[in-house]
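Asker: Here it is, the structure in full.
Every read-out reported here was derived from the displayed coordinates using simple, explicitly stated rules and does not represent laboratory data. Source: prediction; values computed, not measured. No Cβ is skipped: glycine too gets one built from the backbone with ideal geometry, and neighbour counts run over all protein chains shown.
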């Protein structure tokens with residue numbers, strides 16, 4: 001592999017060999033001066049039977065996806081209510097309501113992260129069901145996705161970062177002061193109540 005140099009066309013500004021892992025994350029594998037070198041490396045990985053998707057992209061245009069924060073639209077056993085959690089920290093968010101969740105760790109699938117976060121934050125076992133349409137850029141490099149989840153066992157308790165929980169139905173969904181980043185999911189949650 002060569003160092004990246006400036007220029008245009010099939011040589012310089014540099015080419016990235018990218019891959020998509022089993023969780024849908026895009027990962028930079030290597031950098032090349034010449035596009036053909038990157039394409040040859042991608043072909044070699046594919047010839048070895050690697051299951052991930054490989055491609056070559058200009059370094060100047062390749063944008064690695066944001067790290068994912070997952071929020072849970074956790075429905076009760078009957079599916080008629082969804083859980084809202086009031087933030088207790090950090091101070092800038094305290095008193096506002098959200099769908100509980102947290103960051104997806106490297107190598108962790110989004111559904112597994114959602115289930116882990118609900119165990120840690122609420123003390124419940126839950127099953128991730130489906131991703132709701134849309135996402136919210138929390139900050140550059142960090143994207144919020146909301147997934148629906150079913151309560152499997154346990155009674156939710158505010159264990160981390162929350163001081164109150166409420167079950168909301170279709171008529172009370174707008175009764176709390178939601179954080180702006182969670183609002184994009186409200187119409188999709190309402191459709192499922």
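Asker: What is the antiparallel percent of DSSP beta bridges lying wholly in the stretch 67-192, to the nearest 5? Write out the running numbers ahead of the final one.
Answerer: On the way: 21 of 31 bridges.
The antiparallel proportion sits near 70 percent.
Asker: State the percent of C-alpha pairs, over all pairs in the stretch 67-192, separated by a distance greater than 23 angstrom. Provide the component values of the computation, followed by the final result.
Answerer: Details: 1648 of 7875 pairs.
Roughly 21 percent, rounded to a whole number.
Asker: Here's another thing I want to ask about it. Considering Cα pairs under 8 angstrom that are at least six residues apart, work out the relative contact order of the stretch 67-192 and quote it in whole percent.
Answerer: On the way: 273 pairs, mean separation 41.8, N = 126.
This gives 33 percent for the stretch 67-192.
Asker: Going by how many other beta carbons lie within 10 Å of each one, how would you line up 45, 32, fewest first?
Answerer: Working: 45 14, 32 22.
With the sparsest Cβ surroundings first, the list reads 45, 32.
Asker: Something else: If a paramagnetic tag sat 7 Å from the Cα of residue 77 along the Cα-Cβ line, which residues of the stretch 132-162 would have the backbone N under 18 Å from that point?
Answerer: Residues 149-157 fall inside that zone.
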